[in-house]
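Derivation of every value follows stated rules applied to the coordinates shown; laboratory data play no part. Predicted model only: the values in this text are computed from it and were never measured. Every residue, glycine among them, receives a Cβ derived from its backbone with ideal geometry; neighbour counts consider all protein chains shown.
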Amino acid sequence: MLPTRGYATKGPTSVLEPFNFERREPGPHDVLIEILYCGICHSDIHQARDEWGGSIFPMVPGHEIVGRVTRVGSQVKRFKVGELAGVGCFVDSCRVCASCKAGLEQYCEVHLVLTYNGTEQDEKTPTYGGYSSQIVVDENYTLKISPKLPIANVAPLLCAGITTYSPLRHFKVGPGQRVGIVGLGGLGHMAVKLAASMGAEVTVFSTSKTTLSPTGLISSSTRSPRRMMSMHT
Ligand SMILES: [Zn+2]
Ligand SMILES: [Zn+2]
């Protein structure tokens, strides 16, 4: 087993504290990743506070993980030691149900292994997330990350980014189309950037006084909070 350092919360009203635990030794298809950055997703906060119910404690949150591969299993084909790798919201699934076979593992009908606040395939061993020094993940549930990218900025793409990219791509957003984004939050600002980069005209719907200035910087407005701002890019 691999001694690992992390930050865990012991219960819904506890703060994150240093936490020592063990990762499994990498199997033939696993990669060991030294975690360099991990995004903070609002669902980390929901889960840590048990706001959705059923939280497993102690909990090491974090599912926007970027790091460097430090060891690979004997059968690993897609990664070499030293390369960058990313891990998102889940780290395994049953692999045999219709969803898994269709490449839609996130909809696994048997047991989706969440990156944290979940259990491994044995449905007993708790999973611990990215607020930690390293993680062991099957290469098929690990993403390749280009060394050309600023990797600290890559981390949020692994949940907030893909969550917004997926529907935009699904509905083939592109030039000549108009996209409305409800709320300029963690996901919302990703959606604005992605939709704009796809060539769409982007409108943000906001109920707060915080709005976008024409330069894309967040500024405060003294006008009516119920207004619609449009950002042209
Ligand atoms: Zn499945
Ligand atoms: Zn998330």
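When each of the peptides 187-193, 8-14 is scored by the mean number of other C-beta atoms lying within 10 Å of its residues, the order from highest to lowest reads 187-193, 8-14. Ranked by how many other Cβ atoms sit within 10 Å of their own Cβ, fewest first, the residues Phe171, Phe79 fall in the order Phe171, Phe79. Summing +1 for each Lys or Arg and -1 for each Asp or Glu among the other residues whose beta-carbon sits under 13 angstrom from that of Val66 gives -1. Helix 186-197 against the longest principal axis of the chain: what's the angle in degrees, Cα atoms only, rounded to the nearest 10? It works out to around 70 degrees. Residue ranges 86-92, 128-134, 101-107 sort as 128-134, 86-92, 101-107 when ordered by packing (mean number of other C-beta atoms within 10 Å per residue, highest first).
For Tyr165, neighbours were defined as the other residues whose beta-carbon sits under 13 Å from its Cβ, and their charges (Lys and Arg +1, Asp and Glu -1) total +3.
Rg then Dmax, both in Å and based on the Cα atoms of the chain: 19.5, 62.
For the residue pairs Lys124/Lys193; Lys124/Lys172; Lys148/Lys193; Lys101/Lys172, alpha carbon separations beyond 31 Å are given by Lys124/Lys193; Lys124/Lys172. A helix-only calculation puts the chain at -4500 deg cm²/dmol for mean residue ellipticity at 222 nm, using -39500 (n - 2.57) for each DSSP H run of at least four residues, averaged over all residues. Approximating the spin labels as points 7 Å out from Cα along Cα→Cβ, the Tyr107-to-Asn140 distance works out to 1.9 nm.
Assuming a ≥ b ≥ c are the square roots of the Cα gyration tensor eigenvalues, decide whether region 31-142 counts as rounded (a/c under 1.5), prolate (otherwise, with a/b larger than b/c) or oblate. Don't skip to the answer; put the middle values down first.
Values: a/c = 1.95, a/b = 1.15, b/c = 1.69.
Oblate is the answer for region 31-142, as a/c is 1.5 or above yet b/c matches or exceeds a/b.
Which net charge results when you count Lys and Arg as +1 and Asp and Glu as -1 among the other residues whose beta-carbon is under 12 Å from that of Tyr116? Before the final figure, lay out the partial values.
Values: positive: none; negative: Asp44, Glu64, Glu120.
For residues surrounding Tyr116, the net value is -3.
Compared with the dominant Cα axis of the chain, that is its longest principal axis, helix 160-170 is turned about 70°.
Based on the mean of other beta carbon atoms within 10 Å per residue, what is the order of 175-181, 39-45, most packed first? Can you show the working numbers first?
On the way: 175-181: 14.0, 39-45: 18.4.
Highest to lowest by the protection proxy: 39-45, 175-181.
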